[in-house]
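Structure, as structure tokens:
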Amino acid sequence: MITRRRFIKSTSAAVAAQGLSRRMAPGSHVAVIGAGVFGGWTALSLLRKGARVTLIDAWGPGHSRASSGGETRVIRASYGDQKIYVDMVARALELWRDNERKWGTKLLIPCGSLRLRKDDSYAAVAMPLLRDAGLAPEGLSPDEAQRRFPQINMEGVGWAMYEPDAGYLLARRACAAVYRAFLEEGGSYRAMAVRATDLEDGLPEGLFLSDGTYQLADQYVFACGPWLPELFPETLAGKIRPNRQEVYYFGTPVDEAGFGDDRMPCFLDGVVSPSYYGIPGNEWRGLKIAGGSPDAPSFDPTTGDRRVSPKLVDNARKYMAMRFPKMKGAPLVESKVCQYESSPDENFIVDQHPSASHVWILGGGSGHGFKHGPALGERVAATVLGERPRDPEFSLARFHP
Ligand SMILES: Cc1cc2nc3c(=O)[nH]c(=O)nc-3n(C[C@H](O)[C@H](O)[C@H](O)COP(=O)(O)OP(=O)(O)OC[C@H]3O[C@@H](n4cnc5c(N)ncnc54)[C@H](O)[C@@H]3O)c2cc1C
């Protein structure tokens, strides 16, 4: 007798060999677990493509422990030679703009983004891809960069790249806006946790929920961010590691307007090691600075201690005093401990479970996923519905060449 588990395994193998999943009938039912930026946009995109969608989240869209929580995220298109991400950001910029217009909500603040480098080696790699994607990056000498951004000390900078189309996104508000649109456009939402039962076995009974009921669907997309390795301990062993990150907001001096988003771009500082990045504070919050932790320890997203470390705050202060002299000694006015869910090569994971073709894993944002939300959601929806092949760059198989 062929068991359900063996049947799932054999059909998955046949489908996987073709790179395309089975084309789903219009109106088929997809359950998306996780209402962060990945799951929220995937659910909305599936709905807009005609699927029936149930979105399930234990704590809500963009909640405080989620990787998509907090105030802001950088959106910039420079990704070295990684064309797939450059093209996705170009598409994401269009979709963020289209949808914020549609919803009458400002979510993308186009203050530009400045990448600081020791030399111009990045120019030949990154700039042609940005131009091909219809974006208009500007290479700046240190003197030009200094004239343009006098609030930034260009010490050690050999070359800079300014992206005028870039800026920052309002993170938790964007998740809430996507969720509202999902409900208004006909999606169903369940505030429930999915229990980690039978997930590695292909969900023969459907999803077992925290209220003791089951949720059945034709396809299941698990977009559970840093919680994914707990749910799929066999499949994701060593493939996604939640790790601890700190974010600071420093108060700006009185009468110093140079740190608002009308004059200050987002910045990515690749001159210093470890690198730092930052965002002008949304709604007068102060200057946001993050990064500076290359060997970030593992972190439990449910129970991890979210108090910042005085040593890391001091490190950020030293960096800030060098790069933003007018911010020397500035008070820490807000802070947050968050987590990345990093894959070994820091690329996303979008793939079918190796034993069950109707179970999808979507995650591995690796500290750079937020900006891609709408473009990734659109891509994943088309892949799950069998309209386009899976991207080999995001496959699980890449870890076992
Ligand atoms: C400090 C920090 C700074 C960052 N900066 C940037 C940046 O500047 N630019 C950028 O593009 N990206 C950035 N990122 C990365 C980006 O925010 C993440 O890649 C992205 O938010 C990941 O989204 P997600 O939907 O995969 O995960 P999450 O937002 O964590 O969503 C997962 C959801 O799944 C739910 N869930 C989990 N388990 C279950 C279960 N069993 N049942 C039901 N629901 C469940 C959770 O409640 C959660 O809501 C940053 C991340 C952090 C933490």
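Among beta bridges from DSSP that stay inside the chain, the antiparallel ones total about 70%. A dipole drawn for the chain from +1 and -1 charges on Cβ atoms has a positive end, and of Gly212, Gly39, Tyr85 the residue lying farthest that way is Gly212. Think of the chain as a dipole: +1 on every Lys or Arg Cβ, -1 on every Asp or Glu Cβ, centred on the Cα centre; then among Thr383, Pro26, Ser342, Pro26 lies furthest on the positive end. Treating each Cα of the stretch 155-260 as an identical point scatterer and summing with the Debye formula, the log10 of I(q)/I(0) at q = 0.19 Å⁻¹ comes to -1.21.
The H on the amide N of Lys118, modeled in the peptide plane, is under 5 Å from the matching H of Gly158, each at least 5 residues off or on a different chain.
Our summary gives the stretch 126-269 a relative contact order of 16 percent, counting only alpha carbon pairs under 8 angstrom and 6 or more residues apart.
At a threshold of 8 angstrom on Cα-Cα distance, excluding pairs fewer than six apart, so keeping six or more, what relative contact order does the stretch 314-366 reach in percent?
Once divided by the residue count of the stretch 314-366, the mean separation gives 27 percent.
Take the cross-link list Lys288/Lys318; Lys288/Lys328; Lys288/Lys371; Lys118/Lys318; Lys83/Lys288 and give me the ones stretching past 21 Å between alpha-carbons. Provide the component values of the computation, followed by the final result.
Values: Lys288/Lys318 14 Å; Lys288/Lys328 14 Å; Lys288/Lys371 17 Å; Lys118/Lys318 19 Å; Lys83/Lys288 28 Å.
Violating the 21 Å limit, Cα to Cα: Lys83/Lys288.
Secondary-structure-derived ellipticity at 222 nm for the chain, considering helices only, amounts to -8500 deg cm²/dmol, per-run term -39500 (n - 2.57) for DSSP H runs with n ≥ 4. Across the stretch 154-233, Cα pairs under 8 Å and at least six residues apart give a relative contact order of 18 percent. Each peptide in 29-36, 292-299, 79-86, 42-49 receives the mean, over its residues, of other Cβ atoms within 10 Å, and ordering these scores from highest gives 29-36, 42-49, 79-86, 292-299.
Roughly how many nanometres apart are two label points built 7 Å out from the Cα toward the Cβ at Phe399 and Asp305? Placing both labels 7 Å beyond Cα along the Cβ direction yields 2.9 nm.
All C-alpha to C-alpha distances of the chain, sorted into 20 Å bins beginning at zero, yield P(r) values of 27, 56, 16, 1 percent in whole numbers.
Quick note: the coordinates plus some simple rules give every number you see, no bench work behind them. Here the structure is a predicted model, which is why all the values come from computation and not from measurement. Because the Cβ atoms are built from the backbone with ideal geometry, glycine has one as well, and the counts that use them run over all protein chains shown.
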